[in-house]
Amino acid sequence: MTLLINPATGEPVDEVPDSTPTDVSAAVQAGRDAFTQWRDTTPADRARLLLRLADLVEADAEELTRLEVEETGKPAAVFRDGELPFAIDNLRFFAGAARSLDGTGAGVLSAGYTSALIRRPIGVIGSIAPWNFPFIMAVWKIGPAIAAGNAVVIKPAPATPRSTLRLAALMAEAGAPEGLLQVVTGGADIGQALVTDPGVDMVGVTGSTATGRAVMRGATGGLKRVHLELGGKAPALVFDDASLADMAFGVTMGATYNTGQDCTAATRVYIARSRYDEALEALHAAMEQVRPGDPWSDETDIGPLISAAHRDRVNGFVTRASGRVLLGGKPIDGPGFYYPPTLIADADQSSEIVQGEIFGPVLVALPFDSEEEAIRLANDTPYGLASSIWSVDVARALRVAHQLDVGVTWVNDHLPIASEAPHGGVKGSGFGKDMSQEAVQEYSVVRHLMIKHAAPEARDSFRPA
Ligand code: NAD
């Protein structure tokens, strides 16, 4: 059994049984059986299931909010009015995407033959999810895989399994064949059992870069397809013409949303030196207004960190940091694992606080002297997931955006996402895209079917025509 702790109180809320390696094999086998039916469904069948699921999720909003908030401590209003409707929109998008999979083109590519390019599902997908957005991450893993015709066995993070278990129950209620979506629970060992199971054809993980490596290593024996959404260390580049009031609000939101436990969080703000002090003041004023508190209160902007161990890890980064701590920098007294918005100026670019993924509400500010330097510093970490540019000069924003080694760049904002747009990174942030038509394509394989025009006839040569 795993005891689930409410991070806002430090008190237990529930317990969930742990799967065994035998449970994993049984789930994979059931997934294989379901796949043999599901792969032959039409796009319309798949879309119908996902649309029904979206409706059931919508009707279950209160219960899903309770489960998610109890386990993560995130503000209830943020989940119920923001993340949950977005996840529902994701499901409805995947329902539509199931009906417009590319690769069905046909043509005469060699004289005398018609070629058809057909997208087929891959098989059983072993998916592994993190604890920061448990419900959305489950939807991002399950939606495109089911839309493309696969079966899924998913392992949520050990601290946050219940909204995924609930999603699987709603999937069954929506009419999914038995075994199409299954949940296994547990930690890294159960994750590895899933990754290495010979009945799993493809593995996907959203998690840290170290976990991505472990999953990729586990997948090599079976030469499985791998889909990796890993860590981030997003820079925000503030040029001398930026609206500092707008920037301070947007970067603060980017740095503190979900208490900074967001792979696309704004974590490093590079500011044109001519406006450095002014920008620091604006950021200080904005970050000071972010209200940590009770997740069930409407006055709360951010909840606690996920666990006491994670709070201590975040605090360790801050206490070891180079530079000046301008705001925050110490855990908030309990109950709960709260950490305040923290602003640090003038850290060394090569130091841990600038290079490492902290996963807390900690923003580090550094000055730059030229556009080239801003780009170089932005690209100078092992990660490449997200970034933002703050400037009213469109030409500069475009020029800089094209030189950032990342999966997404926002201009004059930081964080918004859309179901139609791919989410995923480069470098240490992994590869593979969540959301968008790209995700559905990644859970499918293109095949070539080549049909000879002429009727069968006597052949007189073993050489190709
Ligand atoms: P984590 O890497 O500790 O765990 C993620 C999942 O992997 C969990 O379910 C865990 O049990 C499992 N796991 C851990 N070790 C494993 C192993 N060796 N083999 C198989 N499974 C294993 O990550 P976390 O702490 O749950 O989440 C935070 C991380 O997730 C951060 O690095 C964050 O940036 C990343 N993240 C990335 C994205 C993205 O889209 N790129 C989105 C959200 C979170």
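Just so it is clear, none of the values below were taken in a lab; they were calculated from the coordinates. From a predicted model like this one, the values you see are computed outputs, not experimental measurements. Heads up, the Cβs are rebuilt from the backbone with ideal geometry, glycines too, and the neighbour counts pull from every protein chain shown.
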Legend entry - Set of aspartates and glutamates with alpha-carbon distance to Lys224 below 12 Å, sequence-local pairs under 8 removed: Asp197, Asp201
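Under the √(5λ) rule applied to the eigenvalues of the Cα gyration tensor, what semi-axes describe the equivalent ellipsoid of segment 240-300? Give them in Å, descending. Don't skip to the answer; put the middle values down first.
Numbers: eigenvalues 117, 34, 13 Å².
Calculated on Cα positions only, the semi-axes equal 24, 13, 8 Å.
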Inset, instruction - Compute the distribution of all C-alpha to C-alpha distances in segment 234-411, in bins of 5 Å from 0, and list the percent of pairs in each, rounded to whole numbers. - result: 1, 9, 19, 23, 21, 14, 8, 4, 1, 0
Inset, instruction - State which stretch of the chain is the longest one without any exposed GluC sites (Glu not before Pro), exposure meaning a DSSP loop state and at most 11 other Cβ atoms within 10 Å. - result: 1-177
Inset, instruction - Calculate, in whole percent, how much of the Cα-Cα pair population of segment 400-465 lies beyond 16 Å. - result: 68
Legend entry - Antiparallel bridge percentage (DSSP; both residues within the chain; nearest 5): 35
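If the limit is 20 Å between Cα atoms, which of Lys155/Lys427; Lys141/Lys233; Lys233/Lys427 go over it?
Too far apart for the 20 Å limit: Lys155/Lys427; Lys141/Lys233.
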Legend entry - Cross-link reach list, aspartates and glutamates versus Lys74, counting only Cα pairs under 14 Å and skipping chain neighbours closer than eight places: Glu83, Asp262, Asp294, Asp298, Glu299, Asp301
Inset, instruction - Work out how far the C-alpha atoms of segment 364-412 reach from end to end along every principal axis, then list the three figures in whole Å, largest first. - result: 28, 25, 18
Legend entry - Added length on full extension, which subtracts the Cα-Cα distance from 0.36 nm per residue, Arg320 to Ala61: 89.1 nm
Inset, instruction - Run through the DSSP bridge list for segment 234-411 and note the antiparallel percent, rounded to the nearest 5. - result: 10
Inset, instruction - Give the long-range amide H neighbours of Thr185: residues separated by 5 or more places, or on another chain, with amide H under 5 Å away, using H modelled in the peptide plane at 1.01 Å from N. - result: Ser19
Legend entry - MRE, 222 nm, helices only [DSSP H, n ≥ 4, -39500 (n - 2.57), over the chain, to nearest 500]: -11500 deg cm²/dmol
Inset, instruction - Go from 0 up to the bin containing the longest alpha carbon distance in segment 22-170, width 5 Å each, and give me the % of pairs per bin. - result: 2, 10, 17, 19, 18, 13, 9, 5, 3, 2, 1, 1, 0
Legend entry - Principal axis dimensions, the chain - Cα atoms, whole angstrom, descending: 84, 52, 38
Inset, instruction - Grab every C-alpha pair in segment 60-117, bin the distances at 5 angstrom width from 0 up to the longest one, and report whole percents. - result: 4, 16, 16, 11, 9, 8, 7, 7, 6, 6, 6, 5, 1
Legend entry - Kirkwood-Stokes translational diffusion coefficient of segment 304-395, alpha-carbon pairs, 4 °C, 1.567 mPa s, µm²/s: 89
Inset, instruction - Round to the nearest 10 and give me the degree value, 0 to 90, for the angle of helix 61-72's Cα axis relative to the longest principal axis of the chain. - result: 60
Inset, instruction - Collect residues whose amide H, placed 1.01 Å from N in the peptide plane, falls under 5 Å from the amide H of Ala236; neighbours closer than 5 in sequence don't count. - result: Thr267, Arg268, Val269, Tyr270, Ser388
Inset, instruction - Can you put Arg396, Arg463, Arg268, Arg166 in order of Cβ neighbours within 10 angstrom, beginning with the fewest? - result: Arg463, Arg396, Arg166, Arg268
Legend entry - Segment Ala308-Ala172, length gained on full extension (0.36 nm per residue, minus Cα span): 45.4 nm
Legend entry - Rounded to 10°, Cα long-axis angle of helix 84-98 versus longest principal axis of the chain: 30
Inset, instruction - Just grab the label-to-label distance for Asp348 and Glu299, each label 7 Å out from Cα along the Cβ direction, in nm (one decimal). - result: 4.3
Inset, instruction - Apply the Karplus parameterisation 6.51 cos²θ - 1.76 cosθ + 1.60, with θ equal to phi minus 60°, to every residue of segment 135-150 and state each ³J(HN,Hα) to the nearest whole Hz, in sequence, with x for glycine and proline. - result: 6, 4, 5, 4, 5, 5, 7, 7, x, x, 5, 5, 4, 7, x, 9
Legend entry - Proxy reagent accessibility, fewest Cβ within 10 Å first, across Leu50, Leu326: Leu326, Leu50
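Could you grab the relative contact order for the chain? Cα pairs under 8 Å, six or more apart, rounded to a whole percent.
It comes to 19 percent, rounded to a whole number.
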Legend entry - segment 176-314 - Rg and Dmax from Cα coordinates, angstrom: 20.5, 63
Inset, instruction - Please give the helix 21-38 orientation as an angle from the longest Cα principal axis of the chain, in degrees from 0 to 90, rounded to the nearest 10. - result: 60
